[in-house]
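Notes to accompany the following structure.
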Amino acid sequence: MQLSQRVLKLAESETLAMSRRANELKEKGVDVINMSLGEPDFKTPDFIKRAAKEAIDKDFSYYTPVPGYKDLQTAICKKFKRDNGLDYQPNQIVTSTGAKQSIINVIMAIVNPGDEVILPAPYWVSYSEMVSLFEGKVVEASTGIETDFKITPALLEKYLNPKTKAFLFSSPCNPTGTTYTESELRALGEVFKKFPNVVIISDEIYEHINFQGKTFSLAAIPELYDRTVTVNGLSKGFAMTGWRLGYIGAPKAIADACVKIQGQFTSGACSITQRAAIAAMEMDPSEIAPMREAFRKRRDLIVSLFKEIPNVEINHPEGAFYLFPKVSWYFGKTDGKTVVKDAKDLCMWLLDEAKVALTPGGSFGAPDYFRLSYATSEDKITDACKRIKTALAKLH
Ligand code: PMP
Ligand code: GLU
């Protein structure tokens, strides 16, 4: 079968691939701790489930409007105002089958072949593949653990140029947990003001898992509002990964383009999920504070356990639920049988040796690191760190 060049060039999502490997081993009875996938282990809150059950009983079983039910768009506008200080009209809101689809819609809507899209690295796996799929040029603005993986205004200015179409980033960040403060974002905003044609795609899906306070939206800077797309979704903050709902608040032209694209691909998002999403949007954000506090405790635990592991370096993640240690000291080391060349080898070796599934950093644009998702119980975190420490001690 001759497949398209497009798909042959596309990499498989590394997060999903590692998780699939872990599940295959689990099915064979192997006691694997899966820390490869960024998925909250909490249950969807009951009031959201009730709204979904009610929607089924009330026969919300027909095609939905492509951008979403009007009352959901309105509820999202209210949420943006309440939580982010952003004024959007319902016709600037497009809901999709996950934030993943929201982002790819936007990329399809704005990127022409050869257009540059700046991704501060480390970045979330799918960003680079999405840009490449639509023949955009990925420009990696690499950052390291020394600056807590933050792009500085000076570095940003170095990468911006007349070919730059967009800047795409997440804060709190997947994979590093790095969370920009309002003043850091305002400082980046000053640089963007000098480049008025650049579209900013601000992925705020970890908004509610922010340990340092409120998540600031770049669209709240008036000069940037007209060219910023604010992305969000239900997967992380509401523990609803399988329900599949993402959304954007966007300049009207981009929102309309996304509706046109989605109308040819998938149509409107699932009717039941949309009814449940209204309940989620109307909820007082304080109701999910217990989930955030549980993540904070787990963050403290995993950071303290990783500090005990020799030859790894870590930052202090202030959001999301990932740890992204620098592990390049172990490259080229051996257990006497296998030489671990890079992060991918190290993750495969740890899967085999420690039975812990992790994701190598290369697919996040940071080959010296690997990622652990700590969206799992404290017992599992403790066990996994112990296993990793014991295994790594065998490499010399
Ligand atoms: N953006 C980031 C930064 C993510 O980590 C994820 C996780 N899957 C997504 C977008 C997509 O989320 P979903 O499609 O589940 O809404
Ligand atoms: N965003 C999650 C992760 O990075 C889920 C997997 C995915 O959608 O790629 O693990």
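The values are calculated or read from the model by the stated rules, or taken from the named source; none is laboratory data. Keep in mind that what you see is a predicted model, and the values were worked out from it rather than measured. Virtual Cβ from ideal backbone geometry, glycine too; neighbours counted across all protein chains shown. SASA here: full protein model, heavy atoms, side chains in, ligands and nucleic acids out. Shrake-Rupley method; radii C 1.70, N 1.55, O 1.52, S 1.80 Å.
Restricted to the range 92-110, and to residues there that are away from ligand 2 (no atom under 16 Å from the Cβ) and not β-branched (V, I, T), the residue that is nearest to Q73 (Cα to Cα) is Q92.
In the range 222-236, which residue that is away from ligand 1 (no atom under 13 Å from the Cβ) and not in a loop (DSSP other than H, G, I, E, B) is nearest to K165 (Cα to Cα)?
Step one: list which residues in the range 222-236 are away from ligand 1 (no atom under 13 Å from the Cβ), which gives 222-228.
Still in the list and also not in a loop (DSSP other than H, G, I, E, B): 222-225, 228.
Numbers: P222: 20, E223: 17, L224: 14, Y225: 16, T228: 12 Å.
If we take residues in the range 222-236 being away from ligand 1 (no atom under 13 Å from the Cβ) and not in a loop (DSSP other than H, G, I, E, B), then T228 is nearest to K165 (Cα to Cα).
Only residues that are touching a strand residue (DSSP E or B) at 6+ places or on another chain (Cβ under 7 Å) and either open to solvent by 10 Å² or more (accessible area, probe 1.4 Å) or modelled with pLDDT under 95 (or both) were counted across the range 137-150, and they come to 7.
When G242 is tested against (1) of a type outside the set (K, R); (2) within 18 Å of A99 (Cβ to Cβ); (3) touching a helix residue (DSSP H, G or I) at 6+ places or on another chain (Cβ under 7 Å); (4) surrounded by fewer than 21 Cβ atoms within 10 Å (Cβ to Cβ), just one condition goes unmet, and that condition is (3). Does P162 satisfy the condition of being more than 16 Å from ligand 2 (Cβ to nearest atom), under 30 Å from T64 (Cβ atoms) and either in the same structural domain as V199 (by TED's automatic domain parsing) or open to solvent by less than 40 Å² (accessible area, probe 1.4 Å) (or both)? No; evaluated as a whole, the condition is false for this residue. Within the range 264-277, residues that are touching a residue at least 40 places away in the same chain (Cβ under 8 Å) sit with their Cβ atoms under 7 Å from residues that are among the basic types (K, R), at 6+ positions apart or across chains, in these pairs: A269/R244; C270/R244; T273/R244. Going by what's in this entry, would S183 be described as among the hydroxyl-bearing types (S, T, Y), in a helix (DSSP H, G or I) and either under 23 Å from T74 (Cβ atoms) or more than 12 Å from the chain's Cα centre (by Cα) (or both)? Judged against the criteria, S183 is a match.
So if I check each of E135, E204, which one is within 16 Å of ligand 1 (Cβ to nearest atom) and of a type outside the set (A, V, I, L, M, F, W, C)? Talk me through it step by step, then tell me what you get.
On the way: E135 fails: within 16 Å of ligand 1 (Cβ to nearest atom).
Result: E204 is the single residue among E135, E204 that is within 16 Å of ligand 1 (Cβ to nearest atom) and of a type outside the set (A, V, I, L, M, F, W, C).
Checking each residue in the range 343-381 for being in contact with a helix residue (DSSP H, G or I) (Cβ under 7 Å, 6 or more places away or on another chain), assigned to a loop (DSSP other than H, G, I, E, B) and open to solvent by 10 Å² or more (accessible area, probe 1.4 Å) picks out K355, G365, P367, D368.
Which residue, of A154, A187, is without any contact (Cβ under 8 Å) to a residue 24 or more places away in the chain and over 26 Å from R296 (Cα atoms)? Give the derivation first.
Numbers: A187 fails: without any contact (Cβ under 8 Å) to a residue 24 or more places away in the chain.
Within the list A154, A187, the selection yields A154.
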